[in-house]
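Encoded as structure tokens, the structure appears first; notes follow it.
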Amino acid sequence: MHRSKLLLFLAVLPGSLILFSCIHRMDCSKVKNGKFYYYAKVDGRKIQIERKDSLQIEIDPNSNQILKSKIIWQDDCKFQMFVNAFSDTKLTKEDSLRASTAVPIEIVDIAPTYYVCIAKFSTSKKNYELRDTIYIQK
């Protein structure tokens, strides 16, 4: 009798796990506002981020370069970013084009101290998909 209950449990378990994973949603709302940082892929320098809903300010402490980007949230885990759209200086033609082109970003994992996101963009030569970890400042 125990064996038949065990087989029934094992038969039902995979469907229950699939149902649970479909119902479980990440709570990305806590990263709409706050202070964060990431490490630049090129040289590992730490970049500071401050986000206030539709405005993201990135500061490179080494060069004091500041990027002010516009964010349009599509839902709690997806947004469009217009990189340096709120620049304080006149943009070059290339930077102006970049600032007027939305970069879709999706948060794919969230934990107490970080979140992982994927940005997708294209150049005239290639399509890119970048995955990065953004750390939450305490």
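The values are calculated or read from the model by the stated rules, or taken from the named source; none is laboratory data. Computed from a prediction, not measured in an experiment: that's the story for all the values here. FYI the Cβ positions are ideal-geometry reconstructions off the backbone, even for glycines, and counts take in every protein chain you see.
Which residue out of Ala119, Ala40 is loosely packed, with under 14 Cβ neighbours inside 10 Å and modelled with pLDDT of 90 or more? Even if it seems obvious, please write down each step before you answer.
Working: Ala119 fails: loosely packed, with under 14 Cβ neighbours inside 10 Å.
None of the others qualify; the one that does is Ala40.
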Inset, instruction - Please state which of the following conditions Leu67 fails to meet, knowing it meets all the rest: (1) over 24 Å from Thr123 (Cβ atoms); (2) of a type in the set (A, V, I, L, M, F, W, C); (3) at pLDDT 70 or above. - result: (1)
Inset, instruction - Hey, could you check the range 43-72 for residues that are farther than 17 Å from Ile134 by Cβ and among the aliphatic types (A, V, I, L, M) and say which is surrounded by the most Cβ atoms within 10 Å (Cβ to Cβ)? - result: Ile66
Inset, instruction - With the checklist (1) closer than 22 Å to Asp109 by Cβ; (2) outside any loop (DSSP other than H, G, I, E, B) in hand, flag the one item Lys41 doesn't pass. - result: (2)
Legend entry - Single unsatisfied condition, Gln56 versus (1) within 26 Å of Asp27 (Cα to Cα); (2) of a type in the set (S, T, N, Q); (3) out of contact with any strand residue (DSSP E or B) (no Cβ under 8 Å at 6 or more places or on another chain): (3)
